[in-house]
Amino acid sequence: MAKENFFSEMEKYDLFGERAGEPPCRAGCPAGVNAAAYVALIAQGEFNRALDVIRQRMPFPGVCGRVCHHPCEDECSRGEYDEPVSIAALKRAAADFGREAERDGPILKDRGGHRVAVVGSGPAGLTAAYDLRRKGYGVTLFEKDEKAGGMIRAAIPFYRLPEEVVDRDIEDILDSGIDIRLGTEVGKDVAIRELEMY
């Protein structure tokens, strides 16, 4: 695709990778990630922008690019003609190659000093902390273990999901400005009533 045609096509997407109408692959994605947008960006070598599109809906592109069962591919319109687009493999490529490019951090709003304490740094806790941070809240994350990740680390073997991929995704989440307290069990090391201070 010629460069000018690509940018004409990309005008259909706004900053967050949204497009008029919902493609079937996006409807099939449990996280609602806009696969059409990041696939189009990867086709132009824009891995860093593709990674930003993915992170608008979920903060674990490296993890999901390796372990997601990719229901989006079952819904892919391309499958009506030959084979579905390898959406999960392209998400993995965006995570691996987009991270190498110089990127801006997430778009952060300012909530005037409002803060939230999140207990547990498994996938749900990390996602909640990341989404709150992107909305402009200060976040303190409490984790009783010495490493963040919860069931991502405990339930998926490292031959299937390398530890460095988990570390990279978590590092990117925490780099948005989240304060994490590892080795801190709520109810033991810090009282529940003390969470109001964070």
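Derivation of every value follows stated rules applied to the coordinates shown; laboratory data play no part. Remember, it's a predicted structure, so these values are computed and weren't measured experimentally. Neighbour counts run over all protein chains shown; Cβ positions are idealised from the backbone, glycine included.
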Q.
Is there a quick way to get the dipole size of the chain? I mean about its Cα centre, with the Cβ of Lys and Arg at +1 and of Asp and Glu at -1; what is the value in debye to the nearest 20?
A. 440 debye
Q: Return the distance in nm (one decimal) between the two label points of a simple spin-label model at ALA155 and ARG193, each offset 7 Å from Cα along Cα→Cβ.
A: 3.5 nm
Q) Kirkwood hydrodynamic radius of the range 95-198 from all distinct Cα pairs, in Å? A) 14.6 Å
**Q.** Overall dimensions of the chain by Cα: Rg and Dmax, Å
**A.** 18.3, 60
Q) How many nm is it between the label spots at THR127 and ALA27, if each spot is 7 Å from the Cα in line with the beta carbon? A) 2.1 nm
Q. Amide H neighbours of VAL190 under 5 Å, counting only residues 5+ apart in sequence or on other chains, H built in-plane at 1.01 Å?
A. GLU185
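Rounded to the nearest 0.05, what FRET efficiency is calculated for LEU182 and PHE97 with R0 set to 35 Å and r the Cβ-Cβ distance?
Taking R0 as 35 Å, the efficiency between LEU182 and PHE97 is 0.75.
Please label the shape of the range 41-89 as rounded, prolate or oblate, based on the square roots a ≥ b ≥ c of the eigenvalues of the alpha-carbon gyration tensor (a/c under 1.5 means rounded; beyond that, a/b larger than b/c means prolate, else oblate). Write out the running numbers ahead of the final one.
Working: a/c = 2.38, a/b = 1.39, b/c = 1.71.
Since a/c reaches 1.5 but b/c is at least a/b, the shape of the range 41-89 is classed as oblate.
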Q. Can you work out ³J(HN,Hα) from phi for every residue in the range 32-46, in order, using Karplus 6.51 cos²θ - 1.76 cosθ + 1.60 and θ = phi - 60°, giving whole Hz and x for Gly and Pro?
A. x, 5, 7, 4, 4, 5, 6, 5, 4, 5, 5, 4, 9, x, 8
Q) When the Karplus curve 6.51 cos²θ - 1.76 cosθ + 1.60 is applied with θ = phi - 60°, which whole-Hz ³J(HN,Hα) does each residue of the range 22-29 get, with x for Gly and Pro? A) 10, x, x, 5, 5, 4, x, 7
